[in-house]
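The values are calculated or read from the model by the stated rules, or taken from the named source; none is laboratory data. These numbers come from a predicted model, not from an experiment. For neighbour counting, all protein chains shown are included, and Cβ atoms are generated from backbone atoms with ideal geometry for every residue, glycine included.
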Number of protein chains: 2
Amino acid sequence: MADQHELREKGLRLTPQRELVLNAVRELGHATPEDIAAKVRETHPGINLSTVYRNLETLENVGLVQHTHLGHGGATYHAAEELTHLHLVCGDCGSVGDAPIDVAANFVQNLADDYGFRTDVTHFAIYGTCAACVK
Amino acid sequence: MADQHELREKGLRLTPQRELVLNAVRELGHATPEDIAAKVRETHPGINLSTVYRNLETLENVGLVQHTHLGHGGATYHAAEELTHLHLVCGDCGSVGDAPIDVAANFVQNLADDYGFRTDVTHFAIYGTCAACVK
DNA sequence: AAGTACTCGCAAACTATTTGCAATTAGTCT
DNA sequence: AGACTAATTGCAAATAGTTTGCGAGTACTT
């Protein structure tokens with residue numbers, strides 16, 4: 001298992017709980033820690049919420065998952081492989097749409113040229129009003 | 001006082017506390033509710049933190065202030081008049097830089113054209129690595 | 001098979017924010 | 001100026017989300 005390799009390199013283990021958390025993140029796409037815990041509990045009811053938090057942190061350090069801020073408060077997690085889109089959060093209806101990173105290419109380039117800032121557009125959501133709510 | 005007018009229109013009052021909160025937001029630029037409470041307490045020690053929260057909410061409804069998400073968890077508040085720049089948050093050193101909205105004009109236009117999404121670029125921070133930390 | 005250090009579950013601690021309620025007060029009316 | 005009414009305040013307690021200390025358990029190394 002490839003995941004095991006990423007972990008062992010840093011002296012970490014691939015425990016059943018850790019694997020379950022990772023799989024849940026991969027299945028769910030966008031998910032809060034609570035969502036992930038709920039998913040894992042479907043098959044493994046005993047898992048503790050703090051274990052989910054700790055494993056998300058660990059998996060993020062190793063580079064297997066990443067988190068994004070979609071709204072007020074909670075972060076949501078993604079598998080690192082799937083982080084190829086940015087998030088359009090609608091302030092009116094709360095929906096979360098996706099858009100390919102390309103639409104921001106120009107913007108990212110501007111920031112790099114003018115400010116030397118290397119942007120990660122996927123980390124924070126793009127906030128505004130979706131097409132449905134604009135009308 | 002112009003502020004009073006905005007408030008009374010909706011049946012709201014301009015109390016000393018509310019005025020202090022608004023002035024603090026204007027002076028501080030970027031500030032968390034805690035920062036604002038601390039500022040207000042310099043001249044008015046008795047003010048309660050929940051009053052600050054309630055007034056920020058009220059002032060936001062009226063349109064005198066707005067909030068932005070700069071980091072994990074906490075929101076930061078700005079006077080509405082000053083919301084003419086976006087925030088570049090560095091994930092390494094935590095610094096917050098500013099950039100004029102213009103650099104995002106192109107990006108915003110893309111989202112409008114392709115997705116009908118009306119973007120508010122100032123609401124969430126732009127996350128990445130600042131020039132100093134890149135090197 | 002045994003040892004070591006990483007992990008787990010649990011409960012309690014924390015941080016940030018919100019709410020209920022009784023007392024107070026800004027703005028309106030007379 | 002004085003009275004009235006609904007908005008607002010302070011306080012304390014509640015809530016939500018996340019983190020931490022600790023003893024028991026266990027994955028991986030040799």
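Which of the residues spanning the range B:33-66 are surrounded by fewer than 18 Cβ atoms within 10 Å (Cβ to Cβ) and outside any helix (DSSP H, G or I)?
B:H44, B:P45, B:G46, B:N48, B:G63
Conditions tested, residue by residue: (1) exposed (fewer than 13 other Cβ atoms within 10 Å of the Cβ); (2) at pLDDT below 95; (3) touching a helix residue (DSSP H, G or I) at 6+ places or on another chain (Cβ under 7 Å); (4) β-branched (V, I, T).
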| site | (1), (2), (3), (4) |
| --- | --- |
| A:K10 | yes, yes, yes, no |
| A:R18 | no, no, yes, no |
| A:N23 | no, no, no, no |
| A:H72 | yes, yes, no, no |
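Going through the range B:70-110 one residue at a time, which ones are without any contact (Cβ under 8 Å) to a residue 24 or more places away in the chain, away from every other protein chain (no Cβ under 12 Å) and aliphatic (A, V, I, L, M)?
B:A80
Name the one entry in A:V96, A:V103 that is touching a helix residue (DSSP H, G or I) at 6+ places or on another chain (Cβ under 6 Å) and within 25 Å of A:V65 (Cβ to Cβ). Before the answer, list the steps.
Details: A:V96 fails: touching a helix residue (DSSP H, G or I) at 6+ places or on another chain (Cβ under 6 Å).
It is A:V103.
In the range A:40-69, what count of residues is obtained for those that are away from DNA strand D (no atom under 13 Å from the Cβ), of a type in the set (A, V, I, L, M, F, W, C) and within 14 Å of chain B (Cβ to nearest Cβ)?
So the answer is 0.
As an exercise: evaluate B:L28 against (1) touching an Asp or Glu at 6+ places or on another chain (Cβ under 8 Å); (2) over 27 Å from A:V89 (Cβ atoms); (3) crowded, with 17+ Cβ neighbours inside 10 Å and give the number of the one condition it does not meet.
(2)
Considering only the range A:1-15, state which residues are more than 7 Å from DNA strand C (Cβ to nearest atom) and either assigned to a helix (DSSP H, G or I) or within 14 Å of chain B (Cβ to nearest Cβ) (or both).
Correct list: A:A2, A:D3, A:Q4, A:H5, A:E6, A:R8.
Take the residues of the range A:22-56 that are touching a Pro at 6+ places or on another chain (Cβ under 7 Å) and touching a residue at least 24 places away in the same chain (Cβ under 8 Å): which is nearest to DNA strand C (Cβ to nearest atom)?
Looking at residues that are touching a Pro at 6+ places or on another chain (Cβ under 7 Å) and touching a residue at least 24 places away in the same chain (Cβ under 8 Å), I get A:V52.
With respect to A:D113, is the statement that it is of a type outside the set (A, V, I, L, M, F, W, C), within 12 Å of chain B (Cβ to nearest Cβ) and in a helix (DSSP H, G or I) true? Quick ask: steps written out before the conclusion?
On the way: of a type outside the set (A, V, I, L, M, F, W, C): yes; within 12 Å of chain B (Cβ to nearest Cβ): yes; in a helix (DSSP H, G or I): yes.
It is true that A:D113 is of a type outside the set (A, V, I, L, M, F, W, C), within 12 Å of chain B (Cβ to nearest Cβ) and in a helix (DSSP H, G or I).
Keeping to the range A:80-94, report how many residues are surrounded by fewer than 18 Cβ atoms within 10 Å (Cβ to Cβ) and either modelled with pLDDT of 90 or more or in contact with a Cys (Cβ under 6 Å, 6 or more places away or on another chain) (or both).
2
Count, please, the residues in the range B:116-135 that happen to be under 22 Å from A:T68 (Cα atoms), outside any loop (DSSP other than H, G, I, E, B) and more than 7 Å from chain A (Cβ to nearest Cβ).
Number satisfying all stated conditions: 1.
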